Amino acid sequence: MNFGMLGIGAALAFSAMGSALGAGAAGMAAVGAWKKCFAQNKPAPFMLVAFVGAPLTQTIYGYILMNTLKGVADTANGWLLLGVGLFGGIAMGLSALFQGKAAAYASDALAETGKGFGNYIMVLGLIETVALFVMVFMMGVVG
């Protein structure tokens, strides 16, 4: 068995796990924020859905990295594929997890104040940048 193939799968698997955990954390916070709004007869901001969906993009980055690794699998070193896929997937997954945690706080803040959506999205975008950098730099490593 070519152990490098594990790295190809790991790129998607770990990024998707992080997306699931991040979206789960943000989703739970959004539901709680909406509940508070409903209990106080305040309008519940639909925009919280954007916070919940933000961590999902890291799965796409993992998929792109996976396809890149798959494209060079015939010629690349197996250890390289394993390392790039495993560590790249984990890094993108952690980006998604912490983006979800930040989105959870953003959900609470937006529902309570009704202000700051642009600021909160900027913070989530900065966290997202880590995943983009990882994807691009890891693609560069394998050529």
Can you list the helices (runs of 4 or more DSSP H) lying wholly within the range 1-97 that have 2 or more residues being in contact with a Leu (Cβ under 6 Å, 6 or more places away or on another chain), buried (at least 22 other Cβ atoms within 10 Å of the Cβ) and not polar (S, T, N, Q)? 4-39, 57-71
Failed item in (1) closer than 21 Å to LEU86 by Cβ; (2) at pLDDT 95 or above; (3) not β-branched (Val, Ile, Thr), with LEU48 passing the rest: (1)
Can you pull out the residues in the range 128-143 that are within 20 Å of the chain's Cα centre (by Cα) and either without any contact (Cβ under 8 Å) to a residue 12 or more places away in the chain or surrounded by fewer than 22 Cβ atoms within 10 Å (Cβ to Cβ) (or both)? GLU128, THR129, VAL130, LEU132, PHE133, VAL136, PHE137, MET139
Mind listing whichever residues of the range 50-105 are under 18 Å from VAL31 (Cα atoms) and free of Cβ contacts under 8 Å to residues at least 60 places away in the same chain? VAL52, GLY53, PRO55, LEU56, ALA102
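Does TYR120 meet the test of being of a type in the set (Ser, Thr, Tyr), under 27 Å from PHE3 (Cβ atoms), part of a helix (DSSP H, G or I) and open to solvent by 50 Å² or more (accessible area, probe 1.4 Å)?
Considered against the rule, which asks whether it is of a type in the set (Ser, Thr, Tyr), under 27 Å from PHE3 (Cβ atoms), part of a helix (DSSP H, G or I) and open to solvent by 50 Å² or more (accessible area, probe 1.4 Å), TYR120 comes out as no.
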Which of the residues spanning the range 106-117 are surrounded by fewer than 16 Cβ atoms within 10 Å (Cβ to Cβ) and free of Cβ contacts under 8 Å to residues at least 60 places away in the same chain? THR113, LYS115, GLY116
Is it the case that some residue within the range 104-116 is in a helix (DSSP H, G or I) and under 21 Å from MET5 (Cβ atoms)? no
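The values are calculated or read from the model by the stated rules, or taken from the named source; none is laboratory data. The structure displayed is predicted, hence computed values, not measured ones. A quick note on method: Cβ atoms are made from the backbone with ideal geometry, for glycine too, and the neighbour counts reach across all protein chains shown. Each accessible area value is taken on the protein alone, full model and side chains, heavy atoms only, with ligands, DNA and RNA left out. Shrake-Rupley method; radii C 1.70, N 1.55, O 1.52, S 1.80 Å.
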